[in-house]
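The values are calculated or read from the model by the stated rules, or taken from the named source; none is laboratory data. What you are looking at is a predicted structure, and each value in this text was computed from that prediction instead of being measured. Glycine also receives a Cβ, built like all others from the backbone with ideal geometry; neighbour counts cover every protein chain displayed. Surface areas here come from the heavy atoms of the whole protein model, side chains and all, with no ligands, DNA or RNA. Shrake-Rupley method; radii C 1.70, N 1.55, O 1.52, S 1.80 Å.
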Amino acid sequence: MRDTTRPYATLPPVTCTSWCTDGQGHQDELLPADQYCSSDDVRVEVSGMPMVESATGPDRSHILVGLTTSGPGTPARVTLNTDNLHQRHDINLTFLEATDLAFSVLALTGTPSAREAAQVLTSYQALDPERQQRLAREAMRLMSEQTAQRRTV
């Protein structure tokens with residue numbers, strides 16, 4: 001059992017991403033591994049699933065989509081949390097994997113815009129990995145800027 005009467009040493013702050021909800025370096029964490037950044041979540045309702053019981057009563061099934069890092073200086077991942085869909089799963093995707101998933105879903109619809117999206121993805125996948133990473137970092141930077149702008153509005 002941990003002695004709670006003595007104060008514990010605080011960790012040195014880490015540099016947070018622009019979209020991190022903490023933004024103060026995660027100094028209140030106990031372990032360095034817990035000093036990871038996470039964004040606000042976007043709630044996506046899943047109409048094909050039944051209502052679920054929550055602490056506040058019946059709730060629509062949903063997926064929470066957000067960004068996380070696994071630690072300071074690590075690349076962001078897209079996290080899909082399905083905690084309320086009768087089983088708990090966190091699905092962690094790289095930006096490229098999340099883009100692939102989004103374009104693949106669009107391509108299934110067969111609409112002209114979906115075909116264009118599939119062509120863009122095919123072109124992206126044909127690039128060398130270094131170029132893919134540069135484009136992914138640029139997309140993350142743009143997403144971070146948009147998130148920061150939404151917070152100031």
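Figures for the structure shown
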| read-out | value |
| --- | --- |
| Computed E for Arg43/Leu135 - FRET, C-beta separation, R0 35 angstrom, nearest 0.05 | 0.80 |
| Computed FRET value (nearest 0.05) for Ser104 with Asp59, which takes r as the C-beta separation and R₀ as 30 Å | 0.55 |
| Projected label distance in nm at Asp128 and Val52, using a 7 Å step from Cα toward the beta-carbon | 4.4 |
| Karplus (6.51, -1.76, 1.60) ³J(HN,Hα), θ = phi - 60°, over segment 32-41, in Hz, Gly and Pro reported as x | x, 5, 8, 8, 10, 8, 9, 8, 4, 8 |
| Solvent-accessible area per residue, Å², over segment 8-70 with all protein chains present [probe radius 1.4 Å] | 63 |
| Per-peptide average of other Cβ atoms within 10 Å, ordering 59-68, 21-30 highest first | 59-68, 21-30 |
